[in-house]
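Everything on this sheet refers to the single structure shown next.
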């Protein structure tokens, strides 16, 4: 069974784990370095407060091991704050976290909590529901990164290799399109190791 780790230091990790379990995927929380001792086939960086998560990643000595895994091709799904953690650049000059995706992100681009909303948009050719909560969006896509979805002319989902980033929260809706794309990356990654 594939094993997907969900960063569980802060934010909406429980909702991601619930979706994975509903899909029959072995999910586990990543809270400390020893949680990475077993096998890991994929990683989810959930929504939350990106600056807090970045600090905790460093304090808990999780940053370097997770960055190494992502750099080596581990499939990753970053939602909302997770997208910010993956971005190579952040508008406003803030230092990036992992910086593994060739995208530039604007934090809290849709405003604070009152800027939260739901809509339906095309994602990789299919209409899906999207919920935005103090969401970022992508202002630049470079290199091999590609746009997967836009809302009102703003890029809200992108991928680069096995990295997938969404400004919205797919774990809060019943539609599993985003998770299936991520899990296809996980399956391909497992096959590539055999």
I'm told residue 185 meets every condition in (1) under 17 Å from the mean Cα position of the chain (by Cα); (2) farther than 20 Å from residue 119 by Cβ; (3) not in a helix (DSSP H, G or I) except one. Can you identify the failing condition by its number? (3)
Could you count how many residues in the stretch 39-66 are crowded, with 16+ Cβ neighbours inside 10 Å and without any contact (Cβ under 8 Å) to a residue 60 or more places away in the chain? 12
Cβ-Cβ under 7 Å, sequence separation 6+ or interchain: first residue in the stretch 27-38 and at positive phi and without any contact (Cβ under 8 Å) to a residue 12 or more places away in the chain, partner crowded, with 16+ Cβ neighbours inside 10 Å and in a loop (DSSP other than H, G, I, E, B). Which pairs? none
Hey, residue 165 part of a strand (DSSP E or B) and in contact with a helix residue (DSSP H, G or I) (Cβ under 9 Å, 6 or more places away or on another chain) or not: yes
Being out of contact with any strand residue (DSSP E or B) (no Cβ under 7 Å at 6 or more places or on another chain) and within 20 Å of residue 110 (Cα to Cα) narrows it down to one of 72, 49, so name that one. 49
Against the conditions (1) closer than 18 Å to residue 56 by Cβ; (2) over 17 Å from the mean Cα position of the chain (by Cα), where does residue 84 fall short? Just the number, please. (2)
Tell me the residue from 157, 135 that is within 21 Å of residue 54 (Cβ to Cβ) and surrounded by 17 or more Cβ atoms within 10 Å (Cβ to Cβ), please. 135
Within the stretch 129-171, the residues that are touching a residue at least 60 places away in the same chain (Cβ under 8 Å) and more than 14 Å from the chain's Cα centre (by Cα) are 133
Could we say that residue 168 is modelled with pLDDT under 95 and either closer than 16 Å to residue 84 by Cα or surrounded by 18 or more Cβ atoms within 10 Å (Cβ to Cβ) (or both) here? no
So which helices (runs of 4 or more DSSP H) stay within the stretch 1-117 end to end and still have 3 or more residues that are within 20 Å of residue 160 (Cα to Cα) and modelled with pLDDT of 95 or more? 63-71, 81-86
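The values are calculated or read from the model by the stated rules, or taken from the named source; none is laboratory data. It should be emphasised that the depicted structure is a prediction, and the values quoted were computed from it without experimental measurement. No Cβ is skipped: glycine too gets one built from the backbone with ideal geometry, and neighbour counts run over all protein chains shown.
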